[in-house]
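Structure first, then comments.
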């Protein structure tokens, strides 16, 4: 938390200042006022909408309830009927805009966290372990949004409990800020696609939690190089590989896409890039949004140089972006062809997550139609 901005407020007739912390790099609120259990939800909602942050001095559980009340007011349908979006692309952009606005308003409810990660409020939980998991050791007090604290508590529970991965009959433990492998359909594709012959060496590009590297090692690939350029992802992947006792098979490496030439070429190179070609609005969104399809294009254009002659590149990609009008199938095929690659085969699976069942979701039509594919690519 070095080089972070500060935040100031008036309290007990004095001007107070503290470090401002935001993992999403949200700017510190310019207007801050003290709030406690006496504030009404409507008044709090109005202040937050107007850009006044509320530094909480009341009961912690009441702060959670207030945030839920504000959330309900944000989601409450307006009196005037909104004009329906012209198409799914417009629906997507309006949805992102609404989500961003909601996050901004809910992020206006603030907490003070003292050195040692202690919240000096009634009924406040012990957040030390969750904060150390996300932020590292405590060195100073700071102000942070309640929403972020609740998010990292939830992430810590995910990390402790782990995500059951049936194809390796074991658990993967995602870390805070590392994309959790809860979409099991694409994991099954990687577990069932026919391996190229021979297949003794594989690269897992953008490994995240290390789950795909673990699946390949579990399938008998002797040497798997798992790369990422996020330190959180590298630490998370290494921890998972250690817990799965796969250190002899999997090497976790800090690299931007491909390992350097000293690691040679691979029989199989796997990549599951972020599926949506849009600009991340925060650091934590970079696992979902791939601006200008940079990672996707980088993977495709680099395959030739890092594949053995009979090797394959496996691209795991949803067509959700196509249904949203953010990318066309023709564009994807053109990028594959321009990289001197051919499609050997394509294995498809329907999306099976809960959002496909939510008809109230403005993107429901696209989610319901979504297909996730494993593209088996080889040299032309």
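Taken together, the values in this text are just the output of simple stated rules run on the coordinates, not laboratory data. This is a predicted model, so every value here is computed, not measured. Here the Cβ positions follow ideal geometry from the backbone for every residue, glycine too, while neighbour counts run over all protein chains shown.
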Worksheet entry | Spin-label model distance (nm) - residue 200 vs residue 344, 7 Å beyond Cα toward Cβ | 1.8 nm
Practice prompt. Report, to the nearest 10°, how far helix 146-161 tilts away from the longest principal axis of the Cα atoms in the chain, using its own Cα long axis and a range of 0 to 90°.
Written response: 40 degrees
Item to complete: Find the all-direction average of the projected area of the Cα convex hull for segment 46-193, expressing the result in square nanometres with one decimal place.
Response: 12.5 nm²
Practice prompt. When you have a sec, figure out the Kirkwood radius of segment 226-338 from all distinct Cα pair distances and drop it here in Å to one decimal?
Written response: 15.5 Å
Worksheet entry | Between segment 56-130 and segment 224-254, the Cα center-to-center distance that results, in Å | 34 Å
Practice prompt. Considering only DSSP beta bridges where both residues belong to segment 164-379, give the percentage that are antiparallel (nearest 5).
Written response: 45 percent
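Take every Cα pair under 8 Å in segment 6-158 that's 6+ residues apart, average their separations, divide by the length, and report that relative contact order as a whole percent. Walk me through the numbers before you get to the answer.
Details: 201 pairs, mean separation 37.4, N = 153.
Relative contact order comes out at 24 percent.
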Worksheet item: What distance in nm separates the simple spin-label points at residue 41 and residue 368, each placed 7 Å from Cα in the Cβ direction?
Response: 3.1 nm
Worksheet, complete the sentence: Tilt, helix 231-243 to longest principal axis of the chain (alpha-carbon atoms), in degrees rounded to tens, equals 60 degrees
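For segment 164-379, what's the relative contact order in percent, using C-alpha pairs closer than 8 Å and at least 6 residues apart? Walk me through the numbers on the way to the answer.
On the way: 439 pairs, mean separation 42.1, N = 216.
Relative contact order comes out at 19 percent.
Using 0.36 nm per residue, how much length does the chain from residue 14 to residue 282 gain when fully extended, once their Cα-Cα distance is taken away? Please report the intermediate quantities before stating the final value.
Values: separation 268, 0.36 × 268 = 96.48 nm, distance 3.34 nm.
Contour length minus the Cα-Cα distance gives 93.1 nm.
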Response to the item:
Note on the chain, DSSP bridge orientation, antiparallel percent to nearest 5 equals 50 percent
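Calculated FRET efficiency, residue 232 and residue 98, Cβ-Cβ r, R0 25 Å, to nearest 0.05?
Details: r = 28 Å, r/R0 = 1.12.
Efficiency, rounded to the nearest 0.05: 0.35.
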Worksheet item: In degrees from 0 to 90, rounded to the nearest 10, what is the angle of the helix 88-106 Cα long axis to the longest principal axis of the chain?
Response: 40 degrees
